[in-house]
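Read-outs: derived from the displayed coordinates by stated rules, not from any lab. Just so it is clear, the structure is predicted and the values come from calculations on it, not from any experiment. Because the Cβ atoms are built from the backbone with ideal geometry, glycine has one as well, and the counts that use them run over all protein chains shown.
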Amino acid sequence: MDVTFDESEVMLRDTARRLAESLACSSVADFESFDREAAWKALYSAGFLGLRVPEDYGGGGGSTVDASIVVEALGRSLLPVPYLGTAALAGELLIAAGASAEVLERLATGDLRLAVGLTSDLSSLAVLGQPGDIVSFDGADADGVLVIGAGRRLTAVAPGRRAVGLDITRESLRGSPNQTVDVGHLGGELSAEATARFYARALSLVAADLVGVMSAALDTAVAYAAGRVQFGVAIGTFQAVQHLAADQLVSLEGARSLAEYAAWAADELETDDALEAAYCAKAYCTKAGRTLCEAAIQIHGGMGITWDCMAHVYLKRALVDGLAFGDHAYNISLLAELRGRRAS
């Protein structure tokens with residue numbers, strides 16, 4: 001297996017990074033006034049909104065690796081648009097359910113924005129009628145929130161009030177379980193196979209966002225260490241700071257490898273193999289992401305715990321990513337259960 005990106009994937013990565021950097025917020029204050037609508041149009045113009053939608057339906061027909069490349073690039077710039085939640089994840093769920101051509105075409109153009117409804121702890125897809133809140137992870141501006149309804153068919157419920165959260169780069173909404181909305185034909189019964197494949201792709205995409213956040217957090221910390229002078233020299237010359245940054249670089253590269261492999265496996269391997277790769281990637285990236293972002297704050301010293309420093313923004317995004325589709329312990333338990341089942 002050749003793990004390097006091919007020419008088209010490198011071009012996609014570079015294009016996504018340039019676009020994300022051109023739209024990115026330069027300070028914490030910028031997130032409050034960010035123009036999501038203009039950014040959404042830019043993502044549409046770049047062909048990112050329907051990247052995974054089949055070409056016959058107006059999409060790009062891309063792979064899960066392609067989607068993960070874009071997700072990582074947008075995460076790297078902390079771009080405050082709901083791409084992961086209302087384009088990538090919702091798109092994967094609609095494709096898994098066999099949604100109509102009309103729905104997928106509207107998704108690809110950005111005319112229709114749907115979010116994925118999760119349980120109150122964000123660990124799994126929400127099922128209509130089950131107790132607990134419905135929360136749309138990264139669901140700002142959504143026209144509806146997708147949940148599993150009767151007969152394991154997708155149902156769209158109305159988005160409700162904003163869910164309070166740590167992450168200032170993204171908004172999540174409460175779903176209204178008693179109010180459905182008609183957004184078109186959302187497909188048939190979600191089979192066990194289709195659901196499992198969706199989870200494999202979803203976990204790999206959230207892991208990719210974590211990798212993007214980790215990469216930016218470490219770059220920011222290293223740049224600060226190179227310019228921050230203490231005792232007449234840059235703190236980046238201190239061995240303790242160098243070792244801390246080097247350890248986090250090792251963690252970052254491990255996370256990147258697992259996330260990229262999981263994205264590839266989601267399309268290319270048998271379902272159980274794809275799930276195993278996805279559980280490993282999500283578990284590792286969740287734990288490593290938190291550790292790295294905390295280390296970035298430490299490298300910033302006292303500056304790192306101030307509101308105007310971007311270090312806390314990286315940490316908060318990583319923490320919320322860590323909860324989406326289960327935290328480290330949750331995915332380790334799923335991995336153990338899967339391996340136990342396969343061994344029996």
Of 23-34, 207-218, 173-184, ordering from highest average Cβ density within 10 Å down gives 207-218, 173-184, 23-34
Ordering 299-306, 263-270, 39-46 by per-residue average of other C-beta atoms within 10 angstrom, highest first, gives 263-270, 39-46, 299-306
Applied in sequence order to segment 70-77, the curve 6.51 cos²θ - 1.76 cosθ + 1.60 (Karplus, θ = phi - 60°) yields integer Hz couplings, x standing for Gly and Pro, of 5, 4, 5, 5, 5, x, 4, 9
With residue 19 itself left out, Lys, Arg at +1 and Asp, Glu at -1 over residues whose Cβ is under 14 Å from its Cβ give +2
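What is the gain in length, in nm to one decimal, between residue 3 and residue 152 on full extension, counting 0.36 nm per residue of separation less the C-alpha to C-alpha distance?
50.0 nm
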The size of the Cβ-based charge dipole (Lys, Arg +1; Asp, Glu -1) of segment 192-343 about the Cα centre, to the nearest 20 debye, is 380
The rounded separation in angstrom of the Cα centers of segment 267-344 and segment 47-102 is 21
Between the modelled labels at residue 182 and residue 253 (7 Å from Cα along Cα→Cβ) the distance in nm is 5.7
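In terms of the ratio Rg/(2.2 N^0.38 Å) built on C-alpha atoms, what value belongs to the chain? Walk me through the numbers before you get to the answer.
On the way: Rg = 19.7 Å, N = 344, 2.2 N^0.38 = 20.2 Å.
Relative to the 2.2 N^0.38 Å estimate, the chain comes out at 0.97.
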Magnitude of the Cβ-charge dipole (Lys and Arg +1, Asp and Glu -1) of the chain about the Cα centre, nearest 20 debye, reported as 880
Burial-style ranking of 323-331, 336-344, 235-243, average other-beta-carbon count within 10 Å with highest first, yields 323-331, 235-243, 336-344
Sorted by chain and then number, the residues having a modelled amide H within less than 5 Å of the amide H of residue 126, at least 5 places away or on another chain, are 117, 118, 119, 148
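So for 157, 127, fewest C-beta neighbours within 10 Å to most, what's the order? Don't skip to the answer; put the middle values down first.
Details: 157 23, 127 16.
With the fewest neighbours first, 157, 127 line up as 127, 157.
I'd like the projected area of segment 192-343, averaged over all directions, using the convex hull of its alpha carbons. Report it in nm² with one decimal.
On the way: hull surface 37.6 nm².
Quarter of the Cα hull surface area: 9.4 nm².
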Taking Lys and Arg as +1 and Asp and Glu as -1, residues besides residue 133 with C-beta under 14 Å from its C-beta add up to +2
Here segment 37-190 gives, from Cα atoms, an Rg and Dmax in Å of 14.4, 40
Once the dipole of the chain is set up from charges on Cβ (+1 Lys and Arg, -1 Asp and Glu), the residue from the list 199, 160, 186 lying farthest towards its positive end is 160
If every Lys and Arg gets +1 and every Asp and Glu gets -1 at its Cβ, then about the Cα centre segment 7-180 yields a dipole, in debye to the nearest 20, of 400
